[in-house]
Amino acid sequence: MPFTPYHFGPGLLVKGIAARWYSWTAFVATQIVIDCETLYYLSRREYPLHRTLHTFVGATIVGVATAVTLMAAKWLAQRTAPGFVDSLRSRRASIRAESSTIGLLVGGLVGGLTHPLLDGLMHRDIRPFLPWSDSNPLLGVIGIEALHTGCEVAGLVGLPLVGIWLYFESRAD
């Protein structure tokens, strides 16, 4: 994917399906951290551009590390600015999931696991199954245009689903 934004669509779809247990924030942060690897090698003009963080193992570690970092940031914010953090709390479970431990972990893991899957479909230099296999059986399973369209459609379906969660949660207030 050309630097992350296409990944956001499938992540938004997952938020629309599992809003109470999933942090889209952690998902997005994980996507960005993983693509920093590509940016680094691109800036140095070193091939391959997609290396360790674009494997299922590396991306999963990044997802967990990102979730833990966000949990630490939440803890620090609660200690230094408790009034501010309290003002951000919501009675809506779908919003609370954005900073809950389970939401952050699920979002980070989903972000980590989907990144090499989506990128593996289109980038020749990805080896998603390292260290077990040097091949990329995902490459070319679907065309790039279909992949991009699928990611866009996922986002367009996910957005109203999130809205439906928020609507029904607001009615329960």
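If I filter segment 117-173 down to residues being surrounded by 13 or more Cβ atoms within 10 Å (Cβ to Cβ) and acidic (Asp, Glu), which single residue comes out as nearest to residue 23 (Cα to Cα)?
169
What's the number of the only condition in (1) within 20 Å of residue 37 (Cα to Cα); (2) touching a residue at least 40 places away in the same chain (Cβ under 8 Å) that residue 134 fails to meet?
Of everything listed in (1) within 20 Å of residue 37 (Cα to Cα); (2) touching a residue at least 40 places away in the same chain (Cβ under 8 Å), residue 134 misses just condition (2).
Hand me the list of helices (runs of 4 or more DSSP H) wholly inside segment 17-132 holding 2 or more residues that are closer than 22 Å to residue 160 by Cα and under 12 Å from the mean Cα position of the chain (by Cα).
Per the criteria, 24-43, 101-120.
Restricting to segment 146-173, what's the tally of residues that are charged (D, E, K, R) and modelled with pLDDT of 95 or more?
Count: 1.
Is it true that residue 95 is of a type in the set (A, V, I, L, M), at pLDDT 95 or above and surrounded by 14 or more Cβ atoms within 10 Å (Cβ to Cβ)?
When the stated conditions are applied, residue 95 does not pass them.
Of everything in segment 35-78 that's in contact with a Gly (Cβ under 7 Å, 6 or more places away or on another chain) and crowded, with 18+ Cβ neighbours inside 10 Å, which residue is nearest to residue 117 (Cα to Cα)?
59
The values are calculated or read from the model by the stated rules, or taken from the named source; none is laboratory data. Owing to the predicted nature of the structure, the values given are computational and were not obtained by experimental measurement. A quick note on method: Cβ atoms are made from the backbone with ideal geometry, for glycine too, and the neighbour counts reach across all protein chains shown.
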